[in-house]
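Here the structure is laid out as structure tokens; the discussion comes afterwards.
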Amino acid sequence: MAYDADLAERVRELLGPKFDERRMFGGLAFLIGGHMAVAVSGQGGLLVRVRKEDTEKFLGRAHVSPMIMAGREIRGWLRVAPDGVKTKRQLQNWVERGVDYAGSLPPK
């Protein structure tokens, strides 16, 4: 499944030109300082980077599940289903979380 081009455009509108884009894992990742902040998933919805310690806190929210890769849960990453990013406000909240965390990391 290809990533959702409309969702990618909505993310671009929120982020502006200072972010790098890179096709990864069947989706489109948005990077700051060489670190992935969010990605439009090829499986649908949005992948969001958060502090590992915050993973459990966010998993209790509607439309949020762990990111699973090669059969393993990747702590520090969340999968937000399409229903969880339908509105601009929903999307902006998740994008800001990913950007805040990735932006706190030292540049690569």
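The values are calculated or read from the model by the stated rules, or taken from the named source; none is laboratory data. Bear in mind the structure is a predicted one, so any value in this text is a computation, not a measurement. Accessible surface areas use protein heavy atoms only, side chains included; no ligands, DNA or RNA. Shrake-Rupley method; radii C 1.70, N 1.55, O 1.52, S 1.80 Å.
Could you state the accessible area per residue of the chain in Å², with a 1.4 Å probe and every protein chain left in place?
On the way: 6310 Å² over 108 residues.
Each residue of the chain exposes 58 Å² on average to a 1.4 Å probe.
Just how far, in whole angstrom, is the range 58-85 from the range 11-45 if you go by their alpha carbon centroids?
16
Using θ = phi - 60° and the Karplus curve 6.51 cos²θ - 1.76 cosθ + 1.60, what whole-Hz ³J(HN,Hα) does each residue of the range 15-31 get, with Gly and Pro shown as x?
Karplus values, whole Hz, x for Gly and Pro: 8, x, x, 7, 9, 8, 10, 8, 6, 8, 6, x, x, 10, 9, 10, 10.
Need one number for the range 1-64: average projected area of the convex hull over its C-alpha atoms, nm². Let's see the in-between values first.
Values: hull surface 19.2 nm².
In nm², the orientation-averaged hull projection of the range 1-64 is 4.8.
Which aspartates and glutamates, if any, have their Cα less than 19 Å from the Cα of Lys52, not counting same-chain residues under 8 positions apart?
Glu73, Glu96, Asp100
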